[in-house]
Each structure stands twice: as structure tokens, then as C-alpha cells.
Amino acid sequence: MKLVGNSILTAKNITKKYACGHKAVDSISLEINKGECLGLVGESGCGKSTLARCLLLLERLDEGEIWLKETPLHEVHRGTIRKARKEIQAVFQNPTASLNPKLKIMDSLMEALDFQKDIQPCFFNGFQNDRLKKAEYLLDMVGISKTYLHSYPHELSGGQKQRVLIARALSIEPSLIILDEPTASLDVSIQAKILNLLKDLQDQLGVSYLFISHDLAAVNFMSNRMMVMQQGKIVDECTKQDLFSDERHTYTRQLLHVFES
Ligand SMILES: Nc1ncnc2c1ncn2[C@@H]1O[C@H](COP(=O)(O)OP(=O)(O)OP(=O)(O)O)[C@@H](O)[C@H]1O
């Protein structure tokens with residue numbers, strides 16, 4: 001058994017190769033602690049989404065270990081996958097692609113809860129058996145009017161859809177949400193609002209985040225600790241305070257240059 005302190009998710013030397021032999025993720029280790037937002041930054045194609053999919057058990061690892069607290073997720077069997085589905089949720093880049101266009105917002109929002117009926121998050125205390133009230137509560141958490149519950153996705157803006165997806169991810173009270181470029185497809189004016197919402201929700205709920213972006217400014221805003229990825233590897237790791245220190249890797253400095261220009 002792995003000894004844990006504050007760690008929610010630990011990855012040890014995980015590697016994912018694609019058919020051509022290319023290592024999209026090359027021996028990456030990371031640890032995400034309770035209530036923290038770990039940032040992961042790197043340019044397009046460096047392997048960020050592949051790493052996210054590995055941590056979500058959507059890709060089979062070629063090497064390495066993933067631990068959810070004291071549970072080894074790399075020793076895949078149905079029980080551990082079910083546990084991981086409850087504990088680790090995700091929000092991806094394109095909210096339109098993540099919502100079924102034929103389902104009303106209410107039904108998309110409640111999908112995870114409808115599927116895992118045994119989960120009774122404490123924020124629903126007093127109305128655990130009232131599906132409509134639960135849906136209204138979730139929409140309220142992300143600042144969307146309950147009048148949208150009976151709308152279809154095409155009736156909402158991109159930012160509203162992403163809010164619905166954040167609410168759905170939170171609905172089963174996960175320990176960790178993997179946010180893979182959650183604002184990349186949104187207008188700049190909406191991006192800051194979504195980042196602020198994510199921060200407020202983290203303060204309220206104590207959920208951990210892995211925040212993945214090509215945008216160092218967004219990662220720096222969201223995270224106190226960040227990792228820098230290049231060509232499948234972590235080449236640098238620092239706290240927010242050390243981001244501008246002379247010790248930074250050359251590649252981090254290149255990203256900083258873009259950020260400052
Ligand atoms: N299913 C796949 N089969 C083969 N190669 C893949 C597959 N998925 C990703 N890759 C390759 O793995 C590398 C990493 O891709 P990945 O999408 O993880 O990067 P990324 O940093 O998330 O990029 P972006 O931000 O553009 O999505 C790229 O070279 C990509 O072409």
C-alpha cells in the first residue's frame with residue numbers, strides 16, 4: 001500500500017506511446033494535493049491532453065503507476081474504475097462537443113448523478129430525493145438561471161455551456177477535476193469569468209484541480225504550483241513565487257516571454 005499524506009492523485013513515471021512508437025507522455029510523475037490547483041502548461045502537441053486522458057484512465061499506460069489516494073488505478077479492474085469515475089471528473093476544451101445536443105440541460109446536468117444514484121453529496125442535504133431541486137442548486141452554483149433547465153444546448157452560449165459542464169463535474173462531489181484547456185474555445189471576455197468561477201468554487205468546496213493550458217498567464221492565475229511540459233516530458237516545476245526566478249528552464253523563460261509581451 002502507498003503511504004499518503006495530503007495527496008489525492010499521484011502519478012509515478014507514467015509513459016504513453018502511440019503506435020508509431022512516439023512517446024506522447026514520457027515518464028511523468030506528479031502529485032496533486034487536497035484542495036490545491038496544480039497547473040500544467042505547454043505548447044500545443046506537447047502531450048498535455050494525452051496525460052489528462054491517462055490520468056482519467058481513458059488511455060492504457062505503457063509504463064508507470066497512478067494512485068488515487070491509496071488505490072492503485074493502474075491495476076485496472078472494474079471496482080477501481082468505478083471509484084475513479086466518482087472521484088476524478090473532467091472538463092474539456094469544447095463545451096459543445098461535451099453536451100448531447102438532443103438532451104435538455106436538466107438531463108445533461110444530472111447525467112452523472114442519474115448514473116451513480118448511491119452518491120449523495122452533502123450540498124443536497126434536505127432535498128436528496130428531489131431531482132429538480134438538485135438540478136436547480138447545481139445551476140445556481142455556477143451562476144445560471146434555472147429557466148435554462150428545459151433548454152437545449154444550442155440555446156446557450158459557449159460560456160453558459162461550460163458552466164453547465166463544470167456543474168455536472170461537481171455534481172458527484174469529486175476529489176479532483178481535470179480541467180483540460182477549459183477556456184480555450186471561449187471569448188477572451190468570458191475566459192476570465194470562468195476562471196474566477198472555478199477559483200470561487202474551489203474555495204467553497206475544497207476540490208482539487210489539475211488545470212491544463214497552453215496559456216501561462218491562465219495557469220499562473222489559477223495555480224500556486226505549476227509544471228512545464230515539453231515534448232512529452234516535465235522540464236520544469238515551480239511555485240507561483242518562483243516563476244520569475246533566474247533558475248527557470250529555458251523553455252519556461254520562452255513561455256514567460258510570450259506571457260509578458
Ligand atoms: N490517438 C493518437 N494516435 C497517435 N498519436 C497521437 C494520438 N493522440 C495524440 N497523438 C500525438 O501525441 C502528441 C501529443 O498530443 P496531445 O493532444 O496530447 O497534445 P496537447 O499538448 O494536448 O496538444 P493540444 O493542446 O493541441 O491538444 C502529438 O504529437 C499528437 O499528434
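Can you give the charge dipole size of the range 173-226 about its Cα centre, rounded to the nearest 20 debye, using +1 on the beta carbon of Lys and Arg and -1 on the beta carbon of Asp and Glu? Please list the in-between numbers first.
Working: 3 positive and 7 negative charges, 29 e Å.
Computed about the Cα centre, the dipole is about 140 debye.
In µm²/s, what is D for the range 1-154 at 37 °C and 0.692 mPa s, where D = kT/(6 pi eta Rh) by Stokes-Einstein and Rh is the Kirkwood radius from Cα pairs? Please report the intermediate quantities before stating the final value.
Numbers: Rh = 17.9 Å.
Estimated diffusion coefficient is 183 µm²/s.
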Quick calc, the chain, dipole around Cα centre from Cβ unit charges on Lys, Arg (+) and Asp, Glu (-), nearest 20 debye, gives 720
Using the Kirkwood formula on alpha carbons, the hydrodynamic radius of the range 137-261 in angstrom works out to 16.0
quick note, the range 120-261, DSSP beta bridge pairs, % antiparallel (nearest 5) is 55
A chain fully extended from ALA184 to ASN94 at 0.36 nm per residue, minus the present Cα-Cα distance, gains in nm 31.6 nm
Per GNM of the chain with C-alpha springs under 10 angstrom, the most fluctuating residue out of PHE92, PHE211, PHE244 is PHE244
At q = 0.13, 0.17 Å⁻¹, the log10 of I(q)/I(0) for the chain from a Debye sum over equal Cα scatterers comes to -0.86, -1.39
For the pair ALA192 and LYS233, the simple spin-label estimate (label points 7 Å beyond Cα toward Cβ) gives in nm 3.8
Note on the range 1-95: contact order normalised by length, alpha-carbon pairs under 8 Å, 6 or more apart, percent, works out to 30
Restricting to lysines and to Cα separations under 16 Å from LYS193, and discarding same-chain partners fewer than 8 apart, the set is LYS161
Here the gain from full extension of CYS122 to SER27, 0.36 nm per residue of separation minus their alpha-carbon distance, amounts to 30.4 nm
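When DSSP beta bridges are limited to those with both residues in the chain, what percentage is antiparallel, rounded to the nearest 5?
Values: 20 of 38 bridges.
In the chain, approximately 55 percent of DSSP beta bridges are antiparallel ones.
With r as the distance between the Cβ atoms of SER245 and TYR152 and R0 = 41 Å, compute the FRET efficiency 1/(1 + (r/R0)^6) and round to 0.05.
Details: r = 49 Å, r/R0 = 1.21.
Step by step, r from the Cβ atoms, then E = 0.25.
Would you calculate a helix-derived [θ] at 222 nm for the chain, using -39,500 (n - 2.57) for each DSSP H run of n ≥ 4 and dividing by the full residue count, to the nearest 500?
Dividing the helical sum by the residues of the chain leaves -10000 deg cm²/dmol.
LEU256 to LEU103: extension gain in nm, 0.36 nm per residue of separation minus the Cα-Cα distance?
Numbers: separation 153, 0.36 × 153 = 55.08 nm, distance 4.21 nm.
Gain on extension, LEU256 to LEU103, equals 50.9 nm.
Quick one: which of LYS83/LYS134; LYS34/LYS86; LYS104/LYS134 span more than 20 angstrom between C-alpha atoms?
Values: LYS83/LYS134 22 Å; LYS34/LYS86 16 Å; LYS104/LYS134 15 Å.
In this structure, LYS83/LYS134 lie more than 20 Å apart at Cα.
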Listed residues SER189, SER151, SER49; largest mean-square fluctuation, Gaussian network over the chain with Cα springs below 10 Å, found at SER189
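Laboratory data are not the source of any read-out in this text; all were calculated from the coordinates shown. Because the structure is a prediction, the values reported are computed rather than measured. Every residue, glycine as well, gets a Cβ built from its backbone with ideal geometry; the counts of neighbours run over all protein chains shown.
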